[in-house]
Each structure stands twice: as C-alpha cells, then as structure tokens.
1. For Thr50, which of the numbered conditions (1) in a strand (DSSP E or B); (2) of a type in the set (Val, Ile, Thr); (3) surrounded by fewer than 15 Cβ atoms within 10 Å (Cβ to Cβ) fails to hold?
2. Can you go through Leu138, Leu126, Leu74 and tell me which one is in contact (Cβ under 8 Å) with a residue 40 or more places away in the chain, hydrophobic (A, V, I, L, M, F, W, C) and on the phi < 0 side of the Ramachandran plot?
3. If you go through the range 59-80, how many residues are in a loop (DSSP other than H, G, I, E, B) and surrounded by fewer than 18 Cβ atoms within 10 Å (Cβ to Cβ)?
4. Test each condition in (1) of a type in the set (A, V, I, L, M); (2) within 14 Å of Ala144 (Cα to Cα); (3) part of a loop (DSSP other than H, G, I, E, B); (4) modelled with pLDDT of 50 or more for Ala3 and report the one that comes out false.
5. Could you tell me which of the residues Gln133, Gln127 is closer than 21 Å to Val40 by Cβ and either surrounded by fewer than 18 Cβ atoms within 10 Å (Cβ to Cβ) or touching a Pro at 6+ places or on another chain (Cβ under 6 Å) (or both)?
6. Looking only at residues in the range 36-47 that are open to solvent by 50 Å² or more (accessible area, probe 1.4 Å) and outside any helix (DSSP H, G or I), which one is farthest from Ala130 (Cα to Cα)?
7. Let me confirm something: among Ser75, Ser62, which residue is modelled with pLDDT of 95 or more and more than 16 Å from Thr145 (Cβ to Cβ)?
8. What's the number of the only condition in (1) surrounded by 15 or more Cβ atoms within 10 Å (Cβ to Cβ); (2) part of a loop (DSSP other than H, G, I, E, B); (3) of a type outside the set (Lys, Arg) that Ile56 fails to meet?
Amino acid sequence: MFAHSKTRGPGKFPARPSTTSTDGVPILHWIESVSNPQPVLAVYGDELPTLEDVRIEEICLSPNGPTLRLRFDLSTFPANPPAKWKRDGMDVVQLEVSFGGLHEISIGRLSTNPVCDLKMRKSEFLQFSAESQSVKLLGVADEATILRVSAYARGSV
C-alpha cells in the first residue's frame, strides 16, 4: 500500500504561471506532483528548476510496487548552491525520482544521448513522460517521490 500525499494549500510553492491544458485541467508546476518537494525546495528555493532538457542517466524497473526509478541531470544549477557544492566545484544537479504504484510504462525510444523534456501531471493518478528525438518514455503511477538530490562536477564523470 502506498501512502498518498496530502493536498497542499496555496502559498506552499513559489509563484508560477497559471495555465490550463486543452481539457481544462490546471497545469501545476512539476514540484506539486511529487509527494516530498522539500529536498528540491531546500536547494533551489524560489527559483525552481524546470524539467526541460534533462539528461536521463538511469532507468530502473522493479516488480516491488511495481516501481520505476529515474535518475537524471537537471539543465539548471541553483543560484545559491549548498556551500559544500560550491567548495567542491559542483556544477550539475542530479535528481533520483521513484514512481511508485506503477500502472503503465512504455519505453519507445532511448539513445546514447538521452536529453529530453520530462513532464509530470497529477490528477487521479500521476502521469509522466519524457520525450524528445532520442527518448520516449510514458507512464502512469500512484505517486512520485524524490529519493535523492546530489551534484557533481561536469568534467569528473
């Protein structure tokens, strides 16, 4: 059984543009789709990163849950990173997100340069997708949980 996050009230997240999808459902910032936004909020503050031009580093499927674990690099680095990251010359933020209670998954394309736009949308279920010329990943899950926020120096891997 998966725990579901409680509804968050207004004012919990930084201001964002108010947009509506073609079916009339408000489009929320991706951070509102995850059950535990605190790790990202702690690093980025009010300047939340987009999930555009992320680089997928790992996709892992597990029958426990079932679960999909996605590890990816963000395209933006925080304006005020943690002191340790500054001191160690880190310049890339990596997130690891778990999609629990997986209902559907489709991997249609994955190349050696897996840069794409990642989207998450929560309604009754969490719908997520990663799409570009080099990646096509679609799925439906019960929830998304941030497992880890880390950083590395681009030239060190």
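1. If we test Thr50 against (1) in a strand (DSSP E or B); (2) of a type in the set (Val, Ile, Thr); (3) surrounded by fewer than 15 Cβ atoms within 10 Å (Cβ to Cβ), just (1) comes out false.
2. Working: Leu138 fails: in contact (Cβ under 8 Å) with a residue 40 or more places away in the chain; Leu74 fails: in contact (Cβ under 8 Å) with a residue 40 or more places away in the chain.
Answer to the selection: Leu126.
3. To start, the set of residues in the range 59-80 that are in a loop (DSSP other than H, G, I, E, B) comprises 63-66, 74-80.
Imposing the further condition that a residue be surrounded by fewer than 18 Cβ atoms within 10 Å (Cβ to Cβ) reduces the set to 63-66, 75-77, 79-80.
So the answer is 9.
4. The failed condition is (4).
5. Details: Gln133 fails: closer than 21 Å to Val40 by Cβ.
Step by step, each of Gln133, Gln127 is checked, and only Gln127 is closer than 21 Å to Val40 by Cβ and either surrounded by fewer than 18 Cβ atoms within 10 Å (Cβ to Cβ) or touching a Pro at 6+ places or on another chain (Cβ under 6 Å) (or both).
6. Per the stated criteria, the residue is Asp46.
7. Going through Ser75, Ser62 in turn, just one is modelled with pLDDT of 95 or more and more than 16 Å from Thr145 (Cβ to Cβ): Ser75.
8. (2)
The values are calculated or read from the model by the stated rules, or taken from the named source; none is laboratory data. Because the structure is predicted, anything quoted here is derived from the model rather than measured. Ideal geometry is used to build each Cβ from the backbone, glycine not excepted, and the neighbour counts take in all protein chains shown. Keep in mind that these areas ignore ligands, DNA and RNA; they rest on the heavy atoms of the full protein, side chains included. Shrake-Rupley method; radii C 1.70, N 1.55, O 1.52, S 1.80 Å.
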